[in-house]
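All of the numbers you see were taken from the coordinates with simple rules; none came from a lab. Given the structure is predicted, the values throughout are model-derived calculations rather than measurements. Neighbour counts are summed over all protein chains in view; Cβ atoms, including those assigned to glycine, are modelled from backbone coordinates with ideal geometry.
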Amino acid sequence: MSQFHGSDGVVKIGAATVAEVKSFSVEESAETYETNAPTMNDPAPAKAFKAGATSWNGSVDCFWDDTDATGQEALTVGAAVTVHFMPEGDTTGDNDINGSAIVTGISKQAAHDGIVEASFTLQGSGALTHGAAA
């Protein structure tokens with residue numbers, strides 16, 4: 001089983017690499033719906049479910065870089081973007097988890113004794129694709 005170092009991870013907005021990424025996350029989920037219901041003849045059946053619609057969301061945490069015009073500065077609230085989450089890096093053949101998303105939130109944090117940080121939240125729009133970097 002392969003293991004990867006988080007420091008190898010890359011996030012891209014379109015073809016542009018986001019600068020100063022500290023961490024990122026991607027979460028996929030599926031709705032479920034119950035396929036059976038109690039009847040007079042069978043008042044308490046074991047519940048059974050089927051998968052419904054899927055969705056995904058993600059987040060990117062960075063050291064803030066206001067000179068990253070095609071990466072961090074392209075992530076504005078409400079913007080529709082194509083995002084690539086690349087946990088291994090961006091060498092040909094590396095994992096590329098990507099999809100269209102809307103930027104739903106941005107926060108910036110600063111501490112007296114730290115580096116200014118920025119966090120971006122994304123809501124997937126459509127299917128998330130698992131592929132390989134080209």
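Can you order the peptides 106-117, 90-101 by their average number of other Cβ atoms within 10 Å per residue, highest first? All intermediate terms of the calculation are to be shown ahead of the outcome.
On the way: 106-117: 10.0, 90-101: 15.8.
Averaged packing, sorted descending, gives the order 90-101, 106-117.
Kirkwood analysis of the stretch 1-68, using all unique Cα-Cα pairs, places the hydrodynamic radius at 16.3 Å. Charged side chains reduced to their Cβ positions (Lys and Arg at +1, Asp and Glu at -1) give the stretch 1-115 a dipole of some 420 debye around its Cα centre.
Counting 0.36 nm for each residue step from T82 to E20 and taking away their Cα separation leaves a gain of 20.5 nm.
Net length available on complete extension from T129 to E27 is 35.5 nm, with 0.36 nm assigned per residue and the Cα-Cα distance removed.
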